[in-house]
Amino acid sequence: MKKIFVLSFISVGYFLNAQSLSNSPYATYGIGDVKYDNTIETTSMGGISTAFISDFSSNFNFGNPANNSNFDLTSIKLEATNENNYFKTDYNNTKSTKHSTYLSNISLAFPISSKIKMGLLYQPYSSKSYDIVHTETMEDGTVYGNRFTGSGTLNTAQLALSYKINSEFAVGARANLYFGSLYDTNEFTTSTAELINGYETKNKIKNLNFTLGTSYQKLNTSTDRKLTLGATATFGNTSDMATEYLNSTYYYTDGNVKAGQTTIESKSTSSKNLLPLQASLGAGYGSENQWFVSAQLDYKKGETVSYFGNTFDFNDSYRVSAGGWYLPNYNNFRSYFSRIVYRYGAFYEKGNLEIAGNSINKFGVSAGVMLPFKTSSITRMSGLEIGVELGKRGTVKDNLINQNFINLRVGFNFADRWFRKKLYN
């Protein structure tokens, strides 16, 4: 086979004809479908975290590790996400859907002292899961076939520390370990060929970087109004992404096992710019234990990754978020709905991916509630977290794919004064 069909299925939307797509078809590029933040509290408010210091003592902020001045309990969080994606392309008016459910966040946080707080977190960072088959019959009767498959998950484990300098200033640091493997395969054959031509890309990732954060909060004690400012920066990659690329021919046996494999080209590369510089600025304003609003700007520097034997450059990207929360009256024990924390938000993300001259951007709105347990109090805010996010990504221009999504999140936050030595019996 002299002519190898290597065009990505994303740039020609008709590859949706007989397929099981991943959470986003654009996950085929790079390290997969990156999750911005899987915590319910953050996503329900549009993604704000940089200038968000919780009024309650039970919520640890991993987004900006400096924002934990009020955290004073031991908190255990378990959260799950259900993603529902609806894809459409103008090519043959093709439509497709994809649903997936996964454990999105496990965290444990506790105070070491009145000034030092610590948190541990695990969550998936990105994923790939797609299997797309496209066939086309030519005028001479020859059938051309392409199959694109991808799999794997990149996870992250985080260790965060917060230090309260005084009543207004705080700093924090977070170590981020990324680990996992991602696989992509593009297979091409024709009805007249005896062999399949396959391009395989295997990415093995083990990367460590660091996030530094700072925050300032000024409380007017006469009005209970407060101003919050925050900033973070992520940098310092300490390892590479090892990529193995293989171009070969083979055929499948009855047991769907490769046989007769002949290598055409094989090479290995490494990328030191896998998770490049990221920075965030935020500002917020609110009333103590009543309401809060915030706006945030996130920036991510573009990176270069290997894709089917070639390098692919991602653009610089940014994200604008706005959101907040509202608590009607936690002391109103006659009305349970007055004790619920209501969250809201919206965001716009200029994506780092550009295909056929089209930027793959994303925007959405979100909302959520924190339903307190019966024994919960204003100082021990434990409860059931529920969040929903609706949005759109991509475009139908140039036979690309438009993605509408509805993401549902459910989790529990168990917070109490655990693991403390009693001073008095």
Next on the checklist: Under the 0.36 nm per residue contour assumption, what length would be gained going from the current alpha-carbon distance of Tyr102 and Ser222 to full extension?
Outcome noted: 38.6 nm
Next on the checklist: If I take all pairs of Cα atoms in the chain, what percentage of them are more than 28 Å from each other?
Outcome noted: 52
Checklist entry - Roughly how much of Ser222 is accessible, in Å² to the nearest 10, using a 1.4 Å probe? => result 100
Checklist entry - So what's the back-of-envelope 222 nm ellipticity for the chain, counting only DSSP H runs of four-plus at -39500 (n - 2.57) apiece and dividing by all residues, rounded to 500? => result 0 deg cm²/dmol
Item to check | HN-Hα J in Hz across the stretch 117-129 - Karplus 6.51, -1.76, 1.60, θ = phi - 60°, x for Gly and Pro | outcome: 10, 9, x, 10, 9, 10, 6, x, 9, 7, 8, 9, 6
Item to check | Summed residue charge, Cβ within 15 Å of Gly387's Cβ, Lys/Arg positive, Asp/Glu negative | outcome: -2
Checklist entry - How far is it, in nm, from the label point at Val365 to the one at Leu390 when both lie 7 Å from their Cα along the line to the Cβ? => result 0.7
Next on the checklist: If you average the alpha carbon positions of the stretch 32-92 and of the stretch 123-157, how far apart do those two centres end up, in angstrom?
Outcome noted: 29
Checklist entry - Tell me, in nm to one decimal, what length is gained between Leu208 and Tyr86 on full extension, where the rule is 0.36 nm per residue of separation less the Cα-Cα distance? => result 40.5 nm
Checklist entry - When only the heavy atoms of the protein chains count and the probe is 1.4 Å, how do His99, His134 rank by accessible area, highest first? => result His99, His134
Checklist entry - Roughly how many percent of the accessible protein surface of the chain is carbon and sulfur, given a 1.4 Å probe and a whole-percent answer? => result 56
Checklist entry - In square angstrom, rounded to the nearest 10, how much accessible surface does Ile360 have for a 1.4 Å probe? => result 0
Checklist entry - Separation between the Ala193 and Glu354 pseudo-spin-labels, each 7 Å from Cα along Cα→Cβ, expressed in nm? => result 3.2
Checklist outcome for this item: The answer for the net charge of residues other than Asn358 whose Cβ lies under 9 angstrom from its Cβ, with Lys and Arg +1 and Asp and Glu -1, is -1
Next on the checklist: How much of the pair distance distribution for the stretch 73-118 lies past 18 Å, counting alpha-carbon pairs only, in percent?
Outcome noted: 59
Checklist outcome for this item: Surrounding charge for Ser69, neighbours by C-beta under 14 angstrom, Lys/Arg +1, Asp/Glu -1, total +1
Checklist entry - What do you reckon, how do Met241, Met138, Met118 stack up by accessible area (1.4 Å probe), largest on top? => result Met138, Met118, Met241
Next on the checklist: Order Arg225, Arg334 by their accessible area, 1.4 angstrom probe, all chains in place, largest first.
Outcome noted: Arg334, Arg225
Next on the checklist: Just to be sure I understand the model, the point goes 7 Å from the Cα along the line to the Cβ. What's the resulting Lys258 to Phe412 distance in nm?
Outcome noted: 4.5
Checklist entry - Full extension from Asp398 to Lys95: what is 0.36 nm times the residue separation minus their Cα-Cα distance, to one decimal in nm? => result 107.5 nm
Item to check | Residues of type aspartates and glutamates that Lys35 reaches as a straight line, Cα spacing below 18 Å, ignoring anything fewer than 8 places off in the same chain | outcome: Glu79, Glu83, Asp298, Glu303, Asp316, Glu349, Glu389
Checklist entry - Volume per residue, Å³, of the convex hull around the alpha-carbon atoms of the stretch 162-297? => result 181
Item to check | Rounded FRET efficiency, nearest 0.05, which uses the C-beta distance separating Ser377 from Tyr342 and R0 of 22 Å | outcome: 0.75
Next on the checklist: Quick check: convex hull over the Cα atoms of the stretch 30-95, volume per residue in Å³, rounded to an integer?
Outcome noted: 136
Item to check | Debye log10 I(q)/I(0) for the stretch 371-418, one point scatterer per Cα, at q = 0.33 Å⁻¹ | outcome: -1.12
Checklist entry - For Thr262, what accessible area in Å² do you get when you roll a 1.4 Å probe over the heavy atoms of the protein chains, rounding to the nearest 10? => result 80
Next on the checklist: At R0 = 30 Å, how high is the FRET efficiency between Tyr251 and Lys301 if r is their beta carbon distance? Nearest 0.05 is fine.
Outcome noted: 0.10
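The values are calculated or read from the model by the stated rules, or taken from the named source; none is laboratory data. What you are looking at is a predicted structure, and each value in this text was computed from that prediction instead of being measured. Neighbour counts are summed over all protein chains in view; Cβ atoms, including those assigned to glycine, are modelled from backbone coordinates with ideal geometry. Surface areas here come from the heavy atoms of the whole protein model, side chains and all, with no ligands, DNA or RNA. Shrake-Rupley method; radii C 1.70, N 1.55, O 1.52, S 1.80 Å.
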